[in-house]
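*Asks:* Sharing a structure below in structure tokens format, with a few things to ask.
The values are calculated or read from the model by the stated rules, or taken from the named source; none is laboratory data. Just so it is clear, the model here is predicted, and its values are computed rather than measured. No Cβ is skipped: glycine too gets one built from the backbone with ideal geometry, and neighbour counts run over all protein chains shown. We work out accessible area using only protein heavy atoms, side chains counted, and drop any ligands, DNA or RNA first. Shrake-Rupley method; radii C 1.70, N 1.55, O 1.52, S 1.80 Å.
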Amino acid sequence: LIFLAGLLIGYGLDTLWPTPSMPFDRETGYWIGAVYGGIGVVVAVAALLGFRGTGTSPEPWHPTTALVVNGIYSRTRNPMYLGMTLVYLGITASVGGLWMAVLLLPVLVVMHYGVIAREERYLEAKFGDAYRDYKASVRRWF
């Protein structure tokens, strides 16, 4: 919802206060958007499959029953958020909204402090050394 809010607010701002267009034409924007969006979807699906493989829920409001450390999680601790970021960038390129691009930074700050830091505290409290070891060996983003 945080990513969606950034996109919707950016789109609204671009409608109210249009900005100069992106430094590429519309067709190039569609191609860039398709590539980034496609990679983002692949990353997010790989993350969901990782959750499925361990039998834990990807929904943050459900308790975590197992650490997911294999597959894409062996490369990045936050593939779901990485996937969402890439899809966000893809939509931004396709629409050509500079406000959306500008708002990605506050979106990522809110994600870091409001979501990821909280999730990491929860996982460290629940899984202790196993999570600390994982955190020390795998980058947050990639």
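*Asks:* Tell me, please, whether a residue that is under 13 Å from the mean Cα position of the chain (by Cα) and hydrophobic (A, V, I, L, M, F, W, C) can be found in region 95-104.
*Replies:* Our first condition is that a residue be under 13 Å from the mean Cα position of the chain (by Cα); within region 95-104, this holds for 104.
Narrowing the set further to residues that are hydrophobic (A, V, I, L, M, F, W, C) leaves 104.
There is at least one residue in region 95-104 that is under 13 Å from the mean Cα position of the chain (by Cα) and hydrophobic (A, V, I, L, M, F, W, C).
*Asks:* Return yes when Y36 is under 25 Å from V138 (Cβ atoms), modelled with pLDDT of 95 or more and either among the basic types (K, R) or open to solvent by 90 Å² or more (accessible area, probe 1.4 Å) (or both) and no when it is not. Quick ask: steps written out before the conclusion?
*Replies:* Details: under 25 Å from V138 (Cβ atoms): yes; modelled with pLDDT of 95 or more: yes; either among the basic types (K, R) or open to solvent by 90 Å² or more (accessible area, probe 1.4 Å) (or both): yes.
Taking the combined requirement at face value, the residue satisfies it.
*Asks:* I'd like the full set of residues that are open to solvent by 60 Å² or more (accessible area, probe 1.4 Å) and not charged (D, E, K, R), limited to region 118-129.
*Replies:* If the condition is that a residue be open to solvent by 60 Å² or more (accessible area, probe 1.4 Å) and not charged (D, E, K, R), then Y122, A125 are the ones that fit.
*Asks:* Now, a different point. If you check V109 against the conditions, is it surrounded by fewer than 17 Cβ atoms within 10 Å (Cβ to Cβ) and aliphatic (A, V, I, L, M)? Outline the logic, then answer.
*Replies:* Values: surrounded by fewer than 17 Cβ atoms within 10 Å (Cβ to Cβ): yes; aliphatic (A, V, I, L, M): yes.
Criteria met by V109.
*Asks:* When you check G114 against the structure, is it over 14 Å from the mean Cα position of the chain (by Cα) and farther than 27 Å from Y30 by Cα, yes or no? Spell out how you get there, then give the answer.
*Replies:* Numbers: over 14 Å from the mean Cα position of the chain (by Cα): no; farther than 27 Å from Y30 by Cα: yes.
No.
*Asks:* If I filter region 71-94 down to residues being more than 11 Å from the chain's Cα centre (by Cα) and open to solvent by 60 Å² or more (accessible area, probe 1.4 Å), which single residue comes out as farthest from M22 (Cα to Cα)?
*Replies:* For region 71-94, the residue satisfying everything is S74.
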